[in-house]
Amino acid sequence: MPSPLIGLTTHPVTDPDRAELDLLLFRGSERVGVEIKRADAPRVTHSNHIVLRDLKLDRLYIVYPGWQRYRLAENVEVVPLTALLACAA
């Protein structure tokens, strides 16, 4: 089974406004941000809004240790770490 990461380029990012993003993925022309949180109920932060705007992200995934996958905004989704690990297997 081919890796889902083939064709992705990754970069950690610190925005000039001091907003941070754990991982910036490029897949063709799509820009996807990944933020990893320890919180049980992550939320969209001011920093997330800054990187969405400044990096012109198509999507932002917030990875957390919980079990449910849910949407926080049109282009922001909370994803369980277990789902991310299942994709990499």
Of all residues in region 49-76, which are within 12 Å of the chain's Cα centre (by Cα), at pLDDT 90 or above and surrounded by 15 or more Cβ atoms within 10 Å (Cβ to Cβ)? Leu52, Leu57, Arg59, Leu60, Tyr61, Ile62, Val63, Tyr64, Val76
When Val44 is evaluated against the numbered criteria (1) modelled with pLDDT under 90; (2) in a loop (DSSP other than H, G, I, E, B); (3) among the β-branched types (Val, Ile, Thr); (4) within 12 Å of the chain's Cα centre (by Cα), which criterion, by number, is the only one it fails? (1)
Mind checking which pairs have a first residue in region 33-59 that is at positive phi and a second that is surrounded by 14 or more Cβ atoms within 10 Å (Cβ to Cβ), Cβ under 9 Å, 6 or more apart or different chains? Lys56/Arg31
Conditions (1) assigned to a strand (DSSP E or B); (2) farther than 15 Å from Leu21 by Cβ -> Leu60 fails only (2)
Can you tell me which residue among Leu84, Leu24 is surrounded by 13 or more Cβ atoms within 10 Å (Cβ to Cβ), aliphatic (A, V, I, L, M), at pLDDT below 90 and within 10 Å of the chain's Cα centre (by Cα)? Leu24
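The values are calculated or read from the model by the stated rules, or taken from the named source; none is laboratory data. Treat the numbers as computed from the prediction; the structure is a model and nothing was measured. When we count neighbours, we look across all protein chains shown, and the Cβ atoms used for this are built from the backbone with ideal geometry, even at glycine.
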